[in-house]
1. In the range D:229-274, what residues drop by 40 Å² or more in accessible surface going from the chain by itself to the full protein assembly, probe 1.4 Å?
2. Give me the percent of the accessible area of the range B:44-126 that comes from carbon and sulfur atoms, probe 1.4 Å, all protein chains in place.
3. Just tell me how shielded A:194-202 is by partners: mean number of partner chain Cβ atoms within 10 Å of each residue's Cβ, no decimals.
4. For chain B, with the dipole built from +1 on Lys and Arg beta-carbon atoms and -1 on Asp and Glu ones, taken about the Cα centre, which of B:N315, B:N88, B:H56 lies farthest toward the positive end?
5. Which residues' amide hydrogens lie under 5 Å from the amide hydrogen of D:A78, considering only partners 5 or more residues apart or on another chain, with H built in the peptide plane?
6. If DNA, RNA and ligands are ignored and the probe is 1.4 Å, what is the ranking of B:D188, D:D109 by accessible area, most exposed first?
7. When Lys and Arg each count +1 and Asp and Glu each count -1, what net charge do the other residues less than 11 Å away from A:I146, Cβ to Cβ, add up to?
8. For the range D:115-157, state which residues have at least 20 Å² less accessible area in the presence of all protein chains than in their chain by itself, taking the probe as 1.4 Å and leaving out ligands, DNA and RNA.
Protein chains: 4
Amino acid sequence: MISFKNDYSEGALPEIMEALVQSNLESTVGYGMDEYCAKAAEKIKKRINRPDAQVHFLVGGTQTNQTCISAFLRSYEAVIGVKTAHINVHETGAIEATGHKVVAVEGVDGKITPQDILAAVAYHEDEHMVKPKMVYISDSTEIGTIYYKKELEEISACCKELGLYLYLDGARLGSALTAEGNDLTIEDIANLTDAFYIGGTKNGALFGEAVVLLNPELQKEFRYSIKQHGGMLAKGRLLGIQFNTLFTDDLFFKAAAHANQMAMKLKKGLADCGVTFLADSVTNQQFAIFTEEQTNVLNREFLFERFGTTEDGKNVIRFCTSWATKEENVEQLISTVKAM
Amino acid sequence: MISFKNDYSEGALPEIMEALVQSNLESTVGYGMDEYCAKAAEKIKKRINRPDAQVHFLVGGTQTNQTCISAFLRSYEAVIGVKTAHINVHETGAIEATGHKVVAVEGVDGKITPQDILAAVAYHEDEHMVKPKMVYISDSTEIGTIYYKKELEEISACCKELGLYLYLDGARLGSALTAEGNDLTIEDIANLTDAFYIGGTKNGALFGEAVVLLNPELQKEFRYSIKQHGGMLAKGRLLGIQFNTLFTDDLFFKAAAHANQMAMKLKKGLADCGVTFLADSVTNQQFAIFTEEQTNVLNREFLFERFGTTEDGKNVIRFCTSWATKEENVEQLISTVKAM
Amino acid sequence: MISFKNDYSEGALPEIMEALVQSNLESTVGYGMDEYCAKAAEKIKKRINRPDAQVHFLVGGTQTNQTCISAFLRSYEAVIGVKTAHINVHETGAIEATGHKVVAVEGVDGKITPQDILAAVAYHEDEHMVKPKMVYISDSTEIGTIYYKKELEEISACCKELGLYLYLDGARLGSALTAEGNDLTIEDIANLTDAFYIGGTKNGALFGEAVVLLNPELQKEFRYSIKQHGGMLAKGRLLGIQFNTLFTDDLFFKAAAHANQMAMKLKKGLADCGVTFLADSVTNQQFAIFTEEQTNVLNREFLFERFGTTEDGKNVIRFCTSWATKEENVEQLISTVKAM
Amino acid sequence: MISFKNDYSEGALPEIMEALVQSNLESTVGYGMDEYCAKAAEKIKKRINRPDAQVHFLVGGTQTNQTCISAFLRSYEAVIGVKTAHINVHETGAIEATGHKVVAVEGVDGKITPQDILAAVAYHEDEHMVKPKMVYISDSTEIGTIYYKKELEEISACCKELGLYLYLDGARLGSALTAEGNDLTIEDIANLTDAFYIGGTKNGALFGEAVVLLNPELQKEFRYSIKQHGGMLAKGRLLGIQFNTLFTDDLFFKAAAHANQMAMKLKKGLADCGVTFLADSVTNQQFAIFTEEQTNVLNREFLFERFGTTEDGKNVIRFCTSWATKEENVEQLISTVKAM
């Protein structure tokens, strides 16, 4: 079976495995206070051109979102996100578990708009309702779309105007930043948000997310929150080693670019066969529409995720590519579809 | 510098690194639903002779304690532990963050007694106070002591009598079970507790703790709690691969036995020099007492943790050995002390 | 100024004030363990014909919802309610503050449907999402509509089928049960729900809500939850005295019937003047539509709440009647509108 | 039976009942935004000579402590209190339910000392432990003792030095401030703490606690926290009316003084009979020591609380007086004891 099920089906990029093996018997201090973490943080701060940033390394995405949101908000404050937001749907209430409401807004193409934000803030008019205090976005989004520079600038300006923190979930940030048509840089993101994270798990690391805190208000005592939410890895250096490798020679961006190339080949190949898509994704997640019969045919050779159902009862199938996706496997998928 | 600072200073046992490298490019499903996790769970269930157990793999100790305690208790229920318990002191309030009080009792030699438990339950007499519903112990304890079979049997009986769950934190379970004089087996622990975890992080894994749920009441829907607390690793197989390796040819116990041998050598060597100890630890943590002047001498060559201060103002120094500790380094420590 | 602002603008029914004054210097035990609470609970159990019920008295509605939901659910479980539900909008995240997500569904006329419930449960398919475990409804609803017997029976059957608890917020239950066209009895509610509360605050008490627990699973140790959420009133008898009075000679229903009569008079009077309404409310909240200019005219003589805005930019004005509303004041409102 | 069981056995001071009856049919706005609350707040601000203070009215003590502590602290911050503190023992984990650890220290005579505070802060040395950020005291304490001016000044200075908030639980503040030997004024308390509350429930109100926020950092958006914790009473004026009455002609202090006089008479009378006490309480709670046999004799005529047991197995009996205690009942108790 060939898997397009997700972008975390394999282990890690060979460069990362090599670095882990090389350093294996070195003795370091724990909990992220080691030299590898320090070096990786320096590289990231340099890459985003923000020497004033704080960089922390956590293990996974839900943990990172939970830790950040809980750290940033006071007990009665809420976070605004689109309905499809990962924090709203796919984290088993991890945000609510820390006491905070997720205020869900409609969005367009999986992306939030300044109008959504303004309306949500206007609606929450007094102390009988939660107080929205931050906006959560992800790039790329849950349906594979990306934020363009003008969009992010407008959202950022809107948040500043309203006194809201802007936080970007970058679980698939690599894919977003290397997508066709993308005009955002990682420096832009650092300048337009109050905090964001750079996703390692879905871009070639064994695991790991690098949280970047820009707003000094959010930097204070952040390690307390990491520890309280079970995110302080004893062998913290494993995260330092991995991000150090990812941010050497732009490996992070090269790995993501490969995933995108495979996705674009897949998209074009399927479109040429007449397949239609849920949205025009330019990143490593492609949401293609098939009948149940076609789905069953695909099922014989391929692993993938059923994402949902269209209004006329067809299946939305997610094909996910990654740093590890082989071109020949994409070609085989196209052949199979062509033959259907 | 030679480090006796902790048992998570190095990477992983060579066998584990090898297994991770071998499997690196295999494609598996995520979130612990893969074959490696299934196999590791089977091995553990067989080793503890409890086919009815559930085994789950989490990343770290604080996360595991938080997830289990939050999953097991209703909102007004509390957990009883000794004052020095990891959950009471060293988890930044992770348990309270999920809404539960830790009822701290005195204990003896870092261990809880049936008397402690009975008194705590008697004290909490009505609905104006929290309701104690579980007992937390760790083996080995925070000060390196271990539970003997008779002790655990009595605690277990006491808990059953009072309707309390008994949970054992096994962050250093390997060291406890291979300690001189230990008369508990891992099967005993499975039969005497409602749930426990087998610590990988401090015994040769890169990271990872295996939660074993024995009481069927506690098995229900446990994966929801893992996810909600950010503990569901995307590449869950990394945990399966590691525990599969640890439970092949008893590697888990062999690694711990080495750590203990090094600790016993260190203990005897220092005792022969007239050094005294905080408690009679039979495991891989040794708490030795030195003057400030002596501490400064040791500081030139060795890394270690300052654990506290004795009543007469001397330092309590923790020396921690591990699977990775070299005999020559222990000898060098003894030489240095001898020369002081 | 004449107030139609809410149904808690005045103190209490004269019978209640009388009972409080009469008993004022009696000495009783605290925390709801007194004879008045016992008597009131007995009367309620008799009135609903459920001797197996448990009755508890709390101070206010948000507190009651928070206490019940937190008591009934495990940490990863969620409650389903319509978008306009009080718990979703007007409780400053009190439910999320106890760790639980409110899953908001669309509803019809402020009421949930079995289809809403089925869809919500189907959507939450695995442990990466919260687990819906209860349904929250209110009768009357936030927009003044009521549940009919057939509707509640279908919702109840749907919940049983899916293993969900059904909880009814009765902040305005009196008004619902005495509304024109209502075919539900309080006995029906007791038989069709797992728990509900009878609202005193908005129906003539100084304060107070009577929680009725039907499902034995939900009865266990409920007083712990009351205390933990700050709802255990020291002078608990104040609640007992009030509910004892309300459930003597059906005062509870008579007070609500008066509020409804005033609302129907107001509704008819305004409709005769050509005023239109947001929904066809049969209870003590009427949502009338006025232009901004008309609103300003009304503002000179009357207090009321601005509830929202229609799509064509008119104001939705809430007029709320109560046990204390005077007929002459309703007539004056009608006169003023007639003259506009 | 004559009750010395607690200071909330009766209803309210006649002046309060009168005021509630008088205002009963007035129509006011809800949620504490009415004129009575405004007036009561002004009176309190004037009485404490702090026009910059914020005053809020809540229903009960546990609710008030929970709301304040949750509002003041960030998620990983903790509150320090003595072991016997109400928040540590008698609130069913209400503080932990909002995510915060109570760091319990030994104290002397039920009171915290600067040494306790310094030691607790020193112990919590890094992000692996909670961060103490506030100190909780109560005056009078759980065992009836009071803070003297010098003590409170030293605690206040210590808190300032360490960057901790100082919060005073005044459930029995009236009794403390009118006790024999007391040298603290309510103005002193306002100047030495960051926030405190004035207890109505245990000093002649039907219910109600007035929170006084002095530190501007703690004043921000406090009403959100009140609402979120279920403490925003719909008929908020009931609180305003009561505190307005209590702070007219110093009724608050007069009521407390009566309770203390009765307690002193009781104390002297029992001491003259040779009875000994747990501590030298100068307030309305007296903790007397009796044998089981004596206790049984007392039980025939009197209601009281068993507070605990002495080391030599005798009973500690709490006698509680209040604004409503009759002198003849105290005399009868003394007679009974004399006759034993």
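1. When all protein chains are present, D:G230, D:A234, D:K235, D:L238 each give up 40 Å² or more of accessible surface.
2. On the way: 1380 of 2690 Å².
Of all accessible area on the range B:44-126, carbon and sulfur atoms account for 51 percent.
3. Working: counts 0, 0, 0, 0, 0, 0, 0, 4, 2.
Across the residues of A:194-202, the mean count of other-chain Cβ atoms within 10 Å is 1.
4. Selected residue: B:H56.
5. Here the answer is D:K131, D:K133, D:M134, since their amide H atoms fall under 5 Å of that of D:A78.
6. From most exposed to least exposed: D:D109, B:D188.
7. Result for the neighbourhood of A:I146: -3.
8. Flagged in the range D:115-157: D:Y123, D:E127, D:H128, D:M129, D:V130, D:K131.
The values are calculated or read from the model by the stated rules, or taken from the named source; none is laboratory data. This is a predicted model, so every value here is computed, not measured. Every residue, glycine among them, receives a Cβ derived from its backbone with ideal geometry; neighbour counts consider all protein chains shown. Note: accessible area is taken over every heavy atom of the protein model, side chains too, but ligands, DNA and RNA are not part of it. Shrake-Rupley method; radii C 1.70, N 1.55, O 1.52, S 1.80 Å.
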